[in-house]
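Only one structure is covered here, and it is reproduced in the block below.
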Amino acid sequence: MEELRLDAQLAARLRRATRAVALSGAGVSKESGLGTFRGAGGLWEDRRQTGSAATGDRRSRGRPEELATPEAFYRTPGKVWRWYAARYATAAAAAPNPAHHALARWESLFPSFLLVTQNVDDLHQRAGSRRLVALHGTLAEAVCDSCGRRRPMGEAVAASPAEPPECSVPGGGTGCRGRFRPAVVWFGESLPAAALETASRAAAACDLLLAAGTSALVYPAAGLIETALRAGACVVEINPEPTPFSRFAHLRLAAPAGTALPALTEAIASCRSMTG
Ligand code: BV8
C-alpha cells in the first residue's frame, strides 16, 4: 500500500490523541491463514461446503455461532471438542502477520493505549502486544467446566483428541468429574467481567478508536465503537467490507489489515513526530 496521506484535520487529531484504543476481529488474522467467522473463506463457509472437515461430521451444516455455544457442547461434546482442537492446531501453526506487528507498535505511539481483541488465536500476544484484553478468551487453554481448573489445550487434546477429557488430578487421581472445555466465551455466555470493564472504561475515555478486521456484529464487543463515538473520539475503520459503523468513521481504509495497518501506523508515527 503506497504511503498513506492524511488530511490536515485528521492528522491534527491523530497528533493530539493521547488515549487510543484498538478493537480487533478475525479479519486481522485472515492473512495469517485463519478463517474469519463470516465472509469469504470463513469458518461459516468452510462448514457449509465440506460439512466441516474439522469435525469429521459429514452431517454438520450451519453457522459457527451454533457450535460456539454451551448448548452445542452439552448436546454434541465430541463434535465441539474436535472443532476447537482443529482450530487450536491451525492457530498454533500460524504466525502473526504485519497487522499484528503494526498494532504492537501502538503501545509506544500513544501515552495510553489498549488493544481489545475478540480473537482467541493469541497472535497479538505472539506479536508482542502486552497492553491487551482478550474479550472472548483463548484457544490455547482448556478449563474444567466444574472446578475451573485450567490446563494447556495442546496437552488436553493430546490426552483426548476425540472427546473432551474428564477433570482428573495429574497422576491419575479422580478429579471433580467435570469436563474440560475450550477456555473461550461462547455465545450466550457473559464475557470476563474485568476484561469487559477495562475495555468499556478505555472506550469511554479514548480520543482515538481503531476498529480493524471486525464485522462489528457481535455484542458487547461492537458496543465499544458506539461508546467511543459517544465520547467524541476519532474513529478509524480498517475493513475491505463495510460494517454498521462505516458511515460514522472519520477515516475508512477499505483494504486488508496486513497492508493498511502498517501504512496507517507509519502515517501516525510520522505525523506524531512532527512538532507544532
Ligand atoms: C453475551 C469465542 C450476555 C468463541 C466469540 C445485543 C444485540 C444482538 C445480539 C446480542 C446482544 N447482546 C448479546 C447478544 C448475543 C450475542 C451476539 O452478539 N450475537 C450476534 C451473532 C448477533 N452475544 C453474546 O452471546 C455474547 N455474550 O452477550 O452474554 C448475554 C447472553 C445472552 C443474551 C444477552 C446477553 C458473547 C459473544 C462472544 C462469543 N464468542 N468467540 C469462538 O471463537 O469460537 S465471538 C466470535 O465471533 C469472535 O470472537 C468474534 O467476536 C466474532 C466474529 O466477529 P469478527 O471477529 O468481527 O469476525 P467476522 O468473521 O464476523 O468478520 C470478519 C471481518 O473481517 C469481516 O467484516 C471482513 O470483511 C473482515 N476482513 C476479512 N479479511 C480481512 C478483513 N479485515 C481486514 N483485513 C483482512 N484481510
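Of the residues that make up segment 190-199, is at least one in contact with a Phe, Trp or Tyr (Cβ under 9 Å, 6 or more places away or on another chain) and within 16 Å of the ligand (Cβ to nearest atom)? No, there is no match, as no residue in segment 190-199 is in contact with a Phe, Trp or Tyr (Cβ under 9 Å, 6 or more places away or on another chain) and within 16 Å of the ligand (Cβ to nearest atom).
In segment 241-252, which residues are touching a residue at least 24 places away in the same chain (Cβ under 8 Å) and either charged (D, E, K, R) or farther than 14 Å from ALA228 by Cα (or both)? Working first, answer last.
Initial filter on segment 241-252 (touching a residue at least 24 places away in the same chain (Cβ under 8 Å)): 241, 243-245, 249-251.
The answer is GLU241, THR243, PRO244, LEU251.
Within segment 43-58, does at least one residue satisfy the condition of being within 13 Å of the ligand (Cβ to nearest atom), aliphatic (A, V, I, L, M), modelled with pLDDT of 95 or more and under 19 Å from the mean Cα position of the chain (by Cα)? Within segment 43-58, none of the residues are within 13 Å of the ligand (Cβ to nearest atom), aliphatic (A, V, I, L, M), modelled with pLDDT of 95 or more and under 19 Å from the mean Cα position of the chain (by Cα). Set side by side, the residues VAL133, VAL116 differ, and just one is crowded, with 23+ Cβ neighbours inside 10 Å and assigned to a strand (DSSP E or B), which is VAL116. Grab the helices (runs of 4 or more DSSP H) fully contained in segment 164-275, keeping just those with 1 or more residues being touching a Cys at 6+ places or on another chain (Cβ under 8 Å). Fully inside segment 164-275 and qualifying: 223-230. For THR174, the requirement of being of a type outside the set (A, V, I, L, M, F, W, C), at pLDDT 95 or above and either within 16 Å of the ligand (Cβ to nearest atom) or surrounded by fewer than 18 Cβ atoms within 10 Å (Cβ to Cβ) (or both) is not met. Entry remark, segment 219-240: residues being in contact (Cβ under 8 Å) with a residue 60 or more places away in the chain, within 13 Å of LEU208 (Cα to Cα) and within 13 Å of the ligand (Cβ to nearest atom) number 2 in total.
The values are calculated or read from the model by the stated rules, or taken from the named source; none is laboratory data. Since the structure is predicted, the reported quantities are computational estimates derived from the model, not experimental observations. Counting neighbours? That spans all protein chains shown, and the Cβs are built from the backbone with ideal geometry, glycine included.
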